[in-house]
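Undergrad: Could you have a look at this structure, given as structure tokens, before my questions?
The values are calculated or read from the model by the stated rules, or taken from the named source; none is laboratory data. Everything numeric here is computed off the predicted structure, so don't read it as measured data. Quick reminder, even Gly has a Cβ in these numbers, built from the backbone with ideal geometry, and neighbours come from all protein chains shown. Note: accessible area is taken over every heavy atom of the protein model, side chains too, but ligands, DNA and RNA are not part of it. Shrake-Rupley method; radii C 1.70, N 1.55, O 1.52, S 1.80 Å.
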Amino acid sequence: MLYVGRVPLPAIIFGSLFLLLLLAAVAIVVNAVRRSRKGQDAVAQRGWTTLPDAADVVAGWDGWPFLRALEPGTARDVVVGHHQGVEFACLRWTQREYSGSEASREDHERYNIVALRTEQTYPHLSVVRGGNRIDPTDQHPGVTAFETGDDRFDRRWQTLGDAEFGRDLLVPEVRAAMDERDHAWVFQPGWVARVVPWSFYAGEDRMLEEIDHLVAPLRLVPNDVWRRHGGAPRFLGSLGHGAGPG
């Protein structure tokens with residue numbers, strides 16, 4: 001065995017690697033704290049409000065991902081306020097659910113949710129990427145699965161809720177935009193939400209980016225479709241773009 005002085009060389013190598021890993025972990029924690037403080041400062045400067053953990057901001061919400069929960073989940077890092085005159089909510093959601101195809105294994109899954117307030121209450125609609133499919137036996141009354149008639153889209157996405165509303169909104173241009181950028185919607189009572197199936201740092205910059213992802217396909221919904229379902233949400237104009245074609 002090789003020695004450096006009286007210390008075996010493998011021990012030196014192991015110690016050096018451990019020190020590097022420790023320094024990397026410290027750097028990650030310091031960076032996370034710095035970003036968190038920066039995000040808190042941005043929230044305060046914009047006049048937004050941070051609510052306490054477990055705030056009941058999703059009362060009455062259904063569909064994905066709530067149908068996967070084995071018990072009521074918890075909201076954390078909740079920020080509410082107005083962005084360009086539009087009321088929004090941003091939060092991390094944690095719930096206990098079965099892990100993948102293992103019916104006996106449970107995990108605490110985390111999601112990030114951004115939502116924009118609507119003046120209308122649209123029918124419920126969840127449009128979810130296929131990897132996050134909900135078992136049909138888990139569906140609540142009124143949250144049934146349907147297909148759009150586009151075989152390629154239906155293989156990649158799961159659509160739950162009001163079939164007429166969903167098929168009307170999911171015109172070819174909207175389906176193409178959702179496929180291209182991995183957009184997803186969940187229409188809740190008085191809100192339209194985007195749910196990201198992992199937990200990321202929900203700083204101001206990422207939150208506003210997710211709001212843009214939420215809104216982009218909705219701008220492609222024809223105006224006559226919105227008129228049939230109570231009118232376009234005002235945020236389509238407030239966030240810098242008109243309602244839609246037609």
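Undergrad: Counting only residues that are within 18 Å of W226 (Cβ to Cβ), surrounded by 15 or more Cβ atoms within 10 Å (Cβ to Cβ) and without any contact (Cβ under 8 Å) to a residue 60 or more places away in the chain, how many does the stretch 150-168 have?
TA: The number of residues fulfilling the criteria is 4.
Undergrad: Let me ask something else. Looking only at the stretch 172-180, decide whether some residue is β-branched (V, I, T), under 24 Å from I211 (Cβ atoms) and open to solvent by less than 60 Å² (accessible area, probe 1.4 Å).
TA: yes
Undergrad: Look through the stretch 52-64, keep the residues that are within 17 Å of W191 (Cβ to Cβ) and free of Cβ contacts under 8 Å to residues at least 40 places away in the same chain, and return whichever of them is surrounded by the fewest Cβ atoms within 10 Å (Cβ to Cβ).
TA: Ranking the qualifying residues of the stretch 52-64, first place goes to A59.
Undergrad: Let me ask you something else. Would you tally the residues in the stretch 35-51 being surrounded by 14 or more Cβ atoms within 10 Å (Cβ to Cβ), modelled with pLDDT under 80 and of a type outside the set (A, V, I, L, M, F, W, C)?
TA: Result for the stretch 35-51: 4.
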